[in-house]
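What follows is a short report on a single structure.
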Amino acid sequence: MNSDEMRVIFQEYAQRAFDIRRLSSPSITKEDTADNYSERLQGNFRKIGELAAVNRRMLDELLYPLLESDDELDKAVAEDLNELSEMLLNIASVNDDFENLDLPIASLITGRLLADAERKNDINERIKRMDAEMVTCYSMMNMTDRISTQPAFSKVYFDKGMALGEEFMRMLDKDTFLGITDPEMREMVLVNARFTACFFDSCKADDEMNRLNLEMLDKTMEVADDEFYHEAVPDFDWNYHRFRCLEYYLQSVEVNNAKCFSIDQLEKIEKRSHEMEELLKSNPEYFKEIPSYQVCPLYYARAHFLAGNTDKEEYRKVLTDMYEARDDHDFGFAGTAFNVLIPLELMCLVDKENMSSCDMHMLRGLYQDLVAYLFRAPNTGTLSFVLEYYSQIIDRFIDVPSGIDFEDFVMQCIAAIHPPTYVHSHMEGQISECLCYHLLRTEPERFIGFPGCETIDDVLAKKDEILHYTYHATLCHDFGKIKIIDTIFVYGRKLLDLEFNIIRAHPVMGAELLAAHQGTRTFADVARGHHRWHNDKGGYPEDFKTVESPYKIILDLALCADCMDAATDVVGRSYNKGKTLQNYIDELKEGAGTRYAAWLPALLERKEVFEDVQYLLTRGREDNYRDTYRLLRGVQEKVI
Ligand SMILES: [Fe+2]
Ligand SMILES: [Fe+2]
């Protein structure tokens, strides 16, 4: 195959990947009705199935063999691959921001190209490949950084990015720098040396790392002030360069990690905020065009507060004033900063143990706004970007009496970000509740061991409580997915090992989230164990023993409901043909006693149970899609 043919194949691949992304998350239009929304989703998933099959063939037959081979790549092939990685990284979305179409594959490509360049003695090619690898490493680091239970995932990309960043820093050595003759490559070195600061995003709560970050930033500022470099790269946009360097200083510290900085460091950062103010005044027309220009007053106020020059109330007032003046239909960089970063900052200022009624009032308002903003955000937009901020909001969520509670908040976020997961959660809750109801009716003794149930009489007395628990705990079973929805998003390809491992982290992440809040604390075991086999000999996480949980019986139901919904769904998730309930029961029989509880098939084969479950899987699922549609549509109508 020649390079021209390969280029066309890659372009078609990217186009199909783009179509898959759009089809799996269609926007709601005014003409839609609840019924045709669900039909449209079904049609879309059929189409995705066809597109995905073609793309999978391309990966298996062309791309993976190329990436796995040790041969030196032909120059034209390397360029085609590079172009493919760029296509997979940058897809212009509605706001002209960028979303990643398939970051993990782009990252495999940039890694392979860099390895190839390392064997050649061509400095220009090496710089170009290092530049591309820095970008994918950074995005991969951010994506995996949300997997709080597996810090090693993100560390790999941090280490790689830092090593490259240090190499770029070394290239700033004057002799080495002059040895690079291509002006475009010199610019790339300057930009990437500066960009190294971004890698510290993942370790902001580490004193030593913060020290190192500031040290590297000082070095880049020295370069920015040094005439030597100005002469060496006269066409470089030095104003922008200086702006970004100063911005990195101001972003390095937040209320949340301020204790990891010394007062000297905080004062230095504040000095940088004055430099930034001066810089912007020197050429306001120019700087106004930079998206983060509008956010600068927030940075200044924070720097003054953290250096001890304004008090908390004053800082809070600045934030509140800025928040009230925000544009809540702006989903670009500044819009996100005002609509999401300010609430994050305000949340950090609240003393959880000592909340005033003013704090509570503020938090209630913020949570409502945050949900509404997320619902309005274009679902074709920058998913990873949004998730990065919203997972921080969820991590720092503060329970407020009589406000939106944690369970509702996360459910609404799921609905806004990924409607199929929202429907799946409801299906899980409803199927589990239905099975629980029938089991309580027919074999109440199975619930002995549930907290507070030592005898059958206890079980019968607590029937309503057990049902209530079952519904809510199973509804929340996939909360951990809120952090990884961009990973499980339909790429229409087989998952990579890393992605499998990320997905395997969601039960524990969900359990940790649930355990942190009063209203959901007791649901943690159900999230933790819902992918673990009944006999504890399979599934994940491997170190969890379901048999030791007082909620073992609910876990048996949750696992069954989860697999049943996934197996039979034809609307929202799977692009394989869904199985019938009877097919699923046959599968259940094969795994009875090992994967599933031995008594499950008999329960499901009772006529009344079969009929109830069958109803949930057909009419019930459609209703859930209709409800989701109404929710999305209702919120849109209220706020647009
Ligand atoms: Fe799950
Ligand atoms: Fe699930």
The lone exception for M185 - which of (1) under 20 Å from S262 (Cβ atoms); (2) touching a helix residue (DSSP H, G or I) at 6+ places or on another chain (Cβ under 8 Å) it fails: (1)
Which numbered condition E83 fails, given (1) over 13 Å from R7 (Cα atoms); (2) surrounded by fewer than 17 Cβ atoms within 10 Å (Cβ to Cβ); (3) in contact (Cβ under 8 Å) with a residue 40 or more places away in the chain: (1)
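So that you can scan it fast, the table gives a plain yes or no per residue for (1) basic (K, R); (2) away from ligand 1 (no atom under 16 Å from the Cβ):
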residue	(1), (2)
I503	no, no
R521	yes, yes
V526	no, no
W533	no, no
S549	no, yes
A561	no, no
L581	no, yes
I585	no, yes
Listing of helices (runs of 4 or more DSSP H) fully contained in the stretch 274-390 that carry 2 or more residues being in contact (Cβ under 8 Å) with a residue 40 or more places away in the chain: 284-287, 296-306, 333-336, 342-349, 357-376
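Okay, residues lined up against (1) over 32 Å from the mean Cα position of the chain (by Cα); (2) among the acidic types (D, E):
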position	(1), (2)
D225	yes, yes
A232	yes, no
N239	yes, no
L246	no, no
F261	no, no
K271	yes, no
E285	yes, yes
A303	no, no
Residue pairs meeting the criteria (Cβ under 8 Å; at least 6 apart or on separate chains; first farther than 9 Å from N124 by Cα, in the stretch 172-188; second β-branched (V, I, T) and part of a helix (DSSP H, G or I)): L172/V189; L172/V223; F177/V189; G179/I123; M188/I127
Spans of helices (runs of 4 or more DSSP H) in the stretch 447-515 with at least 3 residues β-branched (V, I, T), under 21 Å from I393 (Cα atoms) and within 16 Å of ligand 2 (Cβ to nearest atom): 485-488
Evaluation of D458 against (1) within 16 Å of ligand 1 (Cβ to nearest atom); (2) in contact with a Phe, Trp or Tyr (Cβ under 9 Å, 6 or more places away or on another chain) (one fails), failing number: (1)
Condition met for M347 (buried (at least 21 other Cβ atoms within 10 Å of the Cβ) and within 16 Å of ligand 1 (Cβ to nearest atom)): no
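Residues are listed down the side, and each one gets a yes or a no for (1) more than 15 Å from the chain's Cα centre (by Cα); (2) surrounded by fewer than 20 Cβ atoms within 10 Å (Cβ to Cβ):
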residue: C453; (1), (2): yes, no
residue: I466; (1), (2): yes, no
residue: F479; (1), (2): no, no
residue: I484; (1), (2): no, no
residue: G519; (1), (2): yes, yes
residue: R528; (1), (2): yes, no
Test: residue in the stretch 208-231 that is in contact (Cβ under 8 Å) with a residue 24 or more places away in the chain and assigned to a loop (DSSP other than H, G, I, E, B): no
Top-ranked residue in the stretch 13-36 [being free of Cβ contacts under 8 Å to residues at least 40 places away in the same chain and of a type in the set (D, E); ranked as surrounded by the most Cβ atoms within 10 Å (Cβ to Cβ)]: D19
Residue in the stretch 583-595 that is over 29 Å from the mean Cα position of the chain (by Cα), more than 16 Å from ligand 2 (Cβ to nearest atom) and within 20 Å of D478 (Cα to Cα) present: no
Single unsatisfied condition, C453 versus (1) within 13 Å of ligand 1 (Cβ to nearest atom); (2) out of contact with any His (no Cβ under 9 Å at 6 or more places or on another chain): (1)
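Each value in this text was obtained by applying a stated rule to the coordinates, not by laboratory testing. If you're wondering where the values come from, they're calculated on a predicted model, not measured in any experiment. Don't worry about glycine lacking a Cβ; one is built from the backbone with ideal geometry, like all the others, and counts go over all protein chains shown.
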